[in-house]
Amino acid sequence: MTALFGTPDIAIGMKESVSRVRLFDGPLDLSWRHCATTSDFIADLFALRFQSSRNDYMEVRHSIGYLVNELIENAVKFRAPGEIVIEASMDSECFKLKVSNDVDGENASEFQSLLADITLGDPKDLLIQRIEANAANPDAGRSGLGLLTLMSDYGARLAWIFSSADEDDRICLETYASIPISQTHN
């Protein structure tokens with residue numbers, strides 16, 4: 001069983017030169033601090049080509065860092081035990097990211113339900129609706145605000161592929177993202 005949510009064309013593959021980082025479970029356990037450290041590292045690595053202009057460098061580094069951090073945080077928060085694989089590439093037009101991890105069946109089902117809601121419609125309108133809903137009910141879980149912010153404010157194109165993993169009740173989740181890198185940054 002495979003299910004796709006989001007923009008199908010970015011989920012086809014990353015054929016470019018790819019940098020890969022693996023976060024392993026272990027004695028330190030994966031936690032929030034790993035998200036920020038890893039996203040800062042990836043953002044620094046890919047923003048280096050823009051260092052001739054401080055403004056361009058800071059803008060690209062921020063956009064990449066925000067995207068990577070949001071997707072790694074989701075992977076850490078909702079993953080089944082196991083590694084998280086982050087793959088990234090960039091060309092002159094966009095930065096691409098793929099985050100792979102396993103989730104249990106319950107988390108997969110809840111996330112698919114959320115994605116069915118937030119991938120249909122205008123991200124700006126949905127973001128405002130979710131902000132208002134969260135203000136009315138602060139205890140509500142899984143709002144999708146981070147993903148909607150990426151789509152609305154950063155122009156991110158996102159896709160998710162859920163497929164059966166080898167083990168019972170484990171689902172392999174691949175999250176794909178692409179954000180534009182302005183032509184003026186070249």
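Taken together, the values in this text are just the output of simple stated rules run on the coordinates, not laboratory data. Since this is a predicted model, take the numbers as computed values, not measurements. So basically every Cβ, Gly included, is an ideal-geometry build from the backbone, and we count neighbours across all protein chains shown.
Here are the numbers for the structure shown:
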| quantity | calculated |
| --- | --- |
| Within region 1-140: Cβ-based charge dipole about Cα centre, in debye rounded to nearest 20 (Lys, Arg +1; Asp, Glu -1) | 460 |
| Kirkwood estimate for region 99-170, i.e. one over the average of 1/r between Cα atoms, Å | 13.5 |
| Two-site FRET efficiency, A136 against A36, from Cβ-Cβ distance with R₀ of 25 Å, rounded to 0.05 | 0.25 |
| Shape of region 132-181, Cα gyration tensor, a/c cut at 1.5 | oblate |
| FRET efficiency for R49 and F24, using Cβ-Cβ distance with R0 set to 22 Å, rounded to 0.05 | 0.15 |
| Coarse-grained scattering of the chain at q = 0.12, 0.15 Å⁻¹, given as base-10 log I(q)/I(0) from a Debye sum over alpha-carbon atoms | -0.58, -0.92 |
| Max mean-square fluctuation residue, GNM over the chain, Cα-Cα springs under 10 Å, options S100, S19, S89 | S19 |
